[in-house]
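Below is one structure, written out as structure tokens; comments come after it.
The values are calculated or read from the model by the stated rules, or taken from the named source; none is laboratory data. Predicted, not measured: the structure shown is a model, and the values here were computed from it. Because the Cβ atoms are built from the backbone with ideal geometry, glycine has one as well, and the counts that use them run over all protein chains shown.
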Amino acid sequence: MTAADPVDRLLATARGEPVDEPFRVTGVMVQYYYVCERELWFESRNLEIDRENATVVRGTRVDETAYSDKRENLNLGMISLDLLDDGRVVEVKPSSTLTEPAEMQLSYYLWYLDRVADIQRDGVLAHPRERKREPVVLTAERKDKVETAIGGIHEIVSQSSPPPAEEKPFCDSCAYHDFCWC
Amino acid sequence: MDRNYHVFSDGRLERSDDTLRLVPDDGGEKQYIPIENAEAFFLHGQIDFNTRLMSFLNDRTVALHVFGWEDYYSGSVMPKRGQTSGKTVVNQVRAYEDSQHRRQLAAAIVRGSIHNMRTNVVYYNGRDHDLDDIIEELEAAAARVDKELPVDELLGTEATARKAYYRSFNEILPSEFQLSQREYNPPPNEINSLISFGNSLVYANCVSAIRATALDPTISYLHEPGERRYSLSLDLADLFKPVLADRVLFRLVNRNQISDTDFETELGSCLLNESGRKTYTKAFEETLERTVEHPTLNRKVSYQYLMRLEAYKLKKHLLTGEEYDPFQRWW
Ligand code: SF4
């Protein structure tokens, strides 16, 4: 089957149907789509990043320890998400800046559960540092937004070279910083 | 993660709980060497080690660079890389096989290398030395570097420039330390042996820098792959020799910190002895730790990190098609 539409291709890939060119989108790719398109391109190529970078280490640590007692990890092919006891999908963010990327990552999980597994769930965005939790529900509007993002991601990762580096406020804490700017 | 440790004595290097222990053959005191922050161990003496040590170093991603007979670089034991990237290697090979692309990279390396030699000569020109003619020769060589030239001609241009460059050593160094002629294997005089030793340290550090990327160290552009084991290191080392090895040499010799008592001269050979090697590596390691303001990273970086950045730059070029600008000393 050849599906021209990225969303169809993604769904076919996720459902294990035969596809000429499988198309995968991970949660982190959705996040990067909103943070930095260049970073998204690097991620899609599995480009090795500097694990010693302090920010990366910090981000990982918060994620690993927050709510570790009451959540369960679920691996669903191209995505891997965390469920709370009550069945809601939780996404933990180390800081409350850049809320949209985290929110869209979570929306993507909800969309994926809905479209691939036919499971309807609600989500919660958690900021452990600020002891804040925000509900995220998959509205029709969010569904549209997710599908538009999938199209946008497809366009970027299909390019043979990444979008050029542009200085952004979070470049300083990005794992690709030295790679981009050397 | 960037400290180099040099071991000069003969003995046994072993794991001892979470550190390394050096047990010297001469019955001297055992030394404990912290492994945190270690990038690589440089073994200059006769050292025994076992597989237990190897897996420990592998876990901590620390490399061993081995210097064998007469202190020539003889090889490295590299930790398994955390990540390998098939895509990177495929692109590396593609660039090699596309002769246009290979020439372009080889030309860039030669351009950077000549620039860095020239910077040294310019630095000493006018400080009681008249090196104008050598600068002219280097500039003439640089003008001939063109990405349309076949790789062997690029190598030839590099060699011509290097010959002119080495003539400046006779001017820069005191009369008892004259190079007269650069020869290899075995180095017949003091300066030759200092150059060889310094170059092999630069080379080994480039091996470490390349390991930090997913680049394959055996696929190279200026030098022929497989000419030696890590030929990509030879490519990168050419850029850094003038900045690291040669500057250390000039400094040590001109300040009399190295003298003829630091060498062992035998029929047809002249080599640094242990005290000479210690003096040299100390100054070399200090140089690696020096920092310089980086024009685009907006922070200070060490000379050692410049080699890592060079590997990043090459990798970036190969994966993104963005231009590769060779390292050229800017300060
Ligand atoms: S350093 Fe800046 S431009 Fe480069 S990937 Fe990171 S955020 Fe994007």
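Tabulated values for the structure
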read-out: Matching residues in the stretch A:102-133 - criterion: being without any contact (Cβ under 8 Å) to a residue 24 or more places away in the chain and either under 18 Å from A:E91 (Cα atoms) or of a type in the set (A, V, I, L, M) (or both); value: A:I119, A:Q120, A:R131, A:R133
read-out: Those residues of the stretch A:167-182 which are part of a loop (DSSP other than H, G, I, E, B) and within 6 Å of the ligand (Cβ to nearest atom), in sequence order; value: A:K168, A:F170, A:C174, A:Y176
read-out: Odd one out for A:E141, checked against (1) without any contact (Cβ under 8 Å) to a residue 12 or more places away in the chain; (2) part of a helix (DSSP H, G or I); (3) within 15 Å of the ligand (Cβ to nearest atom); value: (3)
read-out: Residue among A:E37, A:E48 that is crowded, with 16+ Cβ neighbours inside 10 Å, near the ligand (Cβ under 10 Å from one of its atoms) and either within 14 Å of chain B (Cβ to nearest Cβ) or modelled with pLDDT of 95 or more (or both); value: A:E37
read-out: Flag for A:D118 being more than 14 Å from chain B (Cβ to nearest Cβ), more than 16 Å from the ligand (Cβ to nearest atom) and closer than 17 Å to A:Y33 by Cα; value: no
read-out: Selected residue (criterion: nearest to the chain's Cα centre (by Cα)) from residues of the stretch B:19-61 that are at pLDDT 90 or above and of a type in the set (V, I, T); value: B:I47
read-out: Some residue of the stretch A:94-101 being away from the ligand (no atom under 16 Å from the Cβ) and either among the polar types (S, T, N, Q) or crowded, with 22+ Cβ neighbours inside 10 Å (or both); value: yes
read-out: Odd one out for A:Y108 among (1) away from chain B (no Cβ under 14 Å); (2) within 16 Å of the ligand (Cβ to nearest atom); value: (2)
read-out: Qualifying position, being of a type in the set (S, T, Y), part of a strand (DSSP E or B) and away from every other protein chain (no Cβ under 14 Å), among B:T261, B:T279, B:T265, B:T287; value: B:T265
read-out: Residue selected from the stretch B:210-247 under the condition over 30 Å from B:V121 (Cβ atoms) and either of a type in the set (D, E, K, R) or part of a helix (DSSP H, G or I) (or both), by the criterion farthest from the other protein chains (Cβ to nearest Cβ); value: B:R229
read-out: Residue check, A:I150 more than 9 Å from the ligand (Cβ to nearest atom), within 14 Å of another protein chain (Cβ to nearest Cβ) and either farther than 21 Å from B:N91 by Cβ or surrounded by 14 or more Cβ atoms within 10 Å (Cβ to Cβ) (or both); value: no
read-out: Residues satisfying the stated conditions in the stretch B:109-126, i.e. small (G, A, S), assigned to a helix (DSSP H, G or I) and out of contact with any Phe, Trp or Tyr (no Cβ under 6 Å at 6 or more places or on another chain); value: B:S113
read-out: Matching residues in the stretch B:131-143 - criterion: being more than 25 Å from the chain's Cα centre (by Cα) and without any contact (Cβ under 8 Å) to a residue 40 or more places away in the chain; value: B:D132, B:D133, B:E136, B:A140, B:A143
read-out: Within the stretch A:153-166, considering residues that are within 9 Å of another protein chain (Cβ to nearest Cβ) and more than 9 Å from the ligand (Cβ to nearest atom), the one surrounded by the fewest Cβ atoms within 10 Å (Cβ to Cβ); value: A:S160
read-out: The lone exception for A:D178 - which of (1) within 13 Å of chain B (Cβ to nearest Cβ); (2) among the charged types (D, E, K, R); (3) under 19 Å from the mean Cα position of the chain (by Cα) it fails; value: (3)
